[in-house]
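Asks: Before I ask anything, here is the structure I am working with.
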Amino acid sequence: MNFIEGTREVTKGELQDHSITRYRVTKFYREQITDGDYYDQLKHIVEPSLKEFESPGNLDTSGEHDNTVSPGLQHKYAQTGLLLVTDRCASYCRYCFRKRIVGHKSDEIATDFSQIARYIIDHPEMTNVLLSGGDPFVLSTAKLHKILDHLLPIPHLDSIRFGTKAVAY
Ligand code: SF4
């Protein structure tokens, strides 16, 4: 496998033991990084490093698992619901906050949006919902419509956001 520092033979087990994800980005993103003027800086975002073998840490740094109130829905701050809608992403960042989920088949991803909507209806203090993952925009338009069909009718929701992009209504 190629690392920033050079090539090293590794087993699948070693990668799993150290939670090291493979290099995986879309062609467009790869070209933006390799063809731009900042490759030496940007490569650190997506290319594996041998330093990851020595990296300590926790795969759930902010206790997301503990704040999950319904599969795929976290309720940590009173006003905000965090909805994990996909375990896929267009890039697997080395520093990803959700490395435990992105690129894996995760049971932390929302599947029952009726149940989630019921929880939000029962919690009027939750006035905004953030759709995240992974990157929600890897989902099909039809799937996004289906999710929004459950959220948009909830009267006390002021905003629904996708990652960093805001959709206000
Ligand atoms: S979820 Fe964000 S940090 Fe994680 S791999 Fe995708 S873009 Fe990178």
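Condition check ((1) acidic (Asp, Glu); (2) exposed (fewer than 12 other Cβ atoms within 10 Å of the Cβ); (3) under 21 Å from Ile101 (Cβ atoms); (4) in the same structural domain as Asp135 (by TED's automatic domain parsing)) across all residues:
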residue: Val10; (1), (2), (3), (4): no, no, no, no
residue: Gly13; (1), (2), (3), (4): no, yes, yes, no
residue: Lys27; (1), (2), (3), (4): no, yes, no, no
residue: Ile33; (1), (2), (3), (4): no, no, no, no
residue: Asp37; (1), (2), (3), (4): yes, yes, no, no
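Asks: Shifting gears a bit: Output the residue which, of all residues in region 125-156 that are touching a residue at least 40 places away in the same chain (Cβ under 8 Å) and in a loop (DSSP other than H, G, I, E, B), is farthest from the ligand (Cβ to nearest atom).
Replies: Only one residue fits best here, namely Glu125.
Asks: Now, a different point. Quick check on this structure: which one of Ser70, Ser114 is surrounded by 13 or more Cβ atoms within 10 Å (Cβ to Cβ) and either away from the ligand (no atom under 13 Å from the Cβ) or over 30 Å from His150 (Cβ atoms) (or both)?
Replies: On the way: Ser114 fails: surrounded by 13 or more Cβ atoms within 10 Å (Cβ to Cβ).
From the options Ser70, Ser114, the qualifying one is Ser70.
The values are calculated or read from the model by the stated rules, or taken from the named source; none is laboratory data. All values reported here derive from a predicted model rather than from experimental measurement. Backbone-built Cβ (ideal geometry, glycine too); neighbour counts: all protein chains shown.
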